[in-house]
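Novice: Structure incoming, see below.
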Amino acid sequence: AVASAFLFLLPTGIVLVVTNQGIGLNVITEFIAGVAIPGDPLANVTFKTYGYITQAQALTLISDLKLGHYMKIPPRAMFITQLVGTIIAGIINYATADYLMTTIPNICTERNLRWT
């Protein structure tokens, strides 16, 4: 999945830069996973998620670095800022999910229909 995202990164990046229209890999990765792993919907969705999200985040990072270049911000400072922001967001997302899973009884179960 990640290899397909890197394979399509340059062509979709060029299209995005020239036309300002993004091409998502969600349908393409779903098709590749369906052909490679038939009959397993969980593997299909996992493949689709890793393929599409990797490409989307890579293009977002490239776009942010391009904006930093236009603003004459050093590339190393831009990259470190992106890295620190990603680490902080990952920690906060994990802490929030852990807090919700431990404090709300029967979350994501059939006994609590409001959360399914």
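Novice: Return one number: the angle in degrees, 0 to 90 and rounded to the nearest 10, between the long axis of the Cα atoms of helix 41-70 and the longest principal axis of the Cα atoms of the chain.
Specialist: For helix 41-70, the angle is close to 30 degrees.
Novice: For the Cα atoms of the chain, what angle does the longest principal axis make with the long axis of helix 75-103, in degrees from 0 to 90, nearest 10?
Specialist: Once rounded, the angle reads 10 degrees.
Novice: Would you please put 3-9, 102-108 in order of how densely packed they are, using the mean number of other Cβ atoms within 10 angstrom per residue and starting with the highest?
Specialist: Going by the mean number of other Cβ atoms within 10 Å, highest first, we get 3-9, 102-108.
Novice: Between ILE107 and LEU16, what length in nm is gained on full extension when 0.36 nm per residue of separation is reduced by their alpha carbon distance?
Specialist: 28.8 nm
Novice: Normalising by the residue count of the range 1-73, find the relative contact order in percent from Cα pairs under 8 Å and 6+ residues apart.
Specialist: 38
Novice: Compare the Cα positions of GLN21, PHE47, ASN93 along the charge dipole of the chain (+1 at Cβ of Lys, Arg; -1 at Cβ of Asp, Glu; about the Cα centre) and return the one farthest towards the positive end.
Specialist: Of the listed residues, the answer is GLN21.
Novice: Of all the Cα-Cα pairs you can form in the range 1-73, what percent are over 20 Å apart?
Specialist: 36
Novice: Same structure, new question: Peptides 14-21, 60-67, 37-44: what's the order by average Cβ count within 10 Å, highest mean first?
Specialist: 60-67, 37-44, 14-21
Novice: Report the paramagnetic label zone for TYR50: residues of the range 1-32 whose backbone N is under 19 Å from a point 7 Å from Cα along the Cα-to-Cβ axis.
Specialist: The answer is 1-9, 25-32, whose backbone nitrogens lie closer than 19 Å to the label point.
Novice: Could you tell me which of rounded, prolate or oblate describes the range 19-116, using a ≥ b ≥ c as the square roots of the eigenvalues of the alpha-carbon gyration tensor, with rounded for a/c under 1.5 and, failing that, prolate when a/b is larger than b/c and oblate otherwise?
Specialist: oblate
Novice: May I pose another question? FRET efficiency for ILE91 and ILE62, Cβ-Cβ distance as r, R0 = 25 Å, nearest 0.05?
Specialist: Calculated transfer efficiency: 0.55.
Novice: Magnitude of the Cβ-charge dipole of the chain, K/R +1 and D/E -1, about the Cα centre, nearest 20 debye?
Specialist: 320
Novice: I'd like the orientation of helix 2-19 relative to the chain: the angle between its Cα long axis and the longest Cα principal axis, in ° from 0 to 90, rounded to 10.
Specialist: 50
Novice: Okay, moving on. To the nearest 500 deg cm²/dmol, what mean residue ellipticity at 222 nm is calculated for the chain from DSSP H runs of n ≥ 4 alone, each contributing -39,500 (n - 2.57), summed and divided by the residues?
Specialist: -26500 deg cm²/dmol
Novice: On to the next question. Within a 10 angstrom radius of the beta carbon, how do THR12, THR109 rank from fewest other beta carbons to most?
Specialist: THR109, THR12
None of the figures in this text is laboratory data; all of them are computed from the coordinates on show. Source: prediction; values computed, not measured. Note that we place each Cβ from the backbone using ideal geometry, even for glycine, and neighbour counts take in every protein chain shown.
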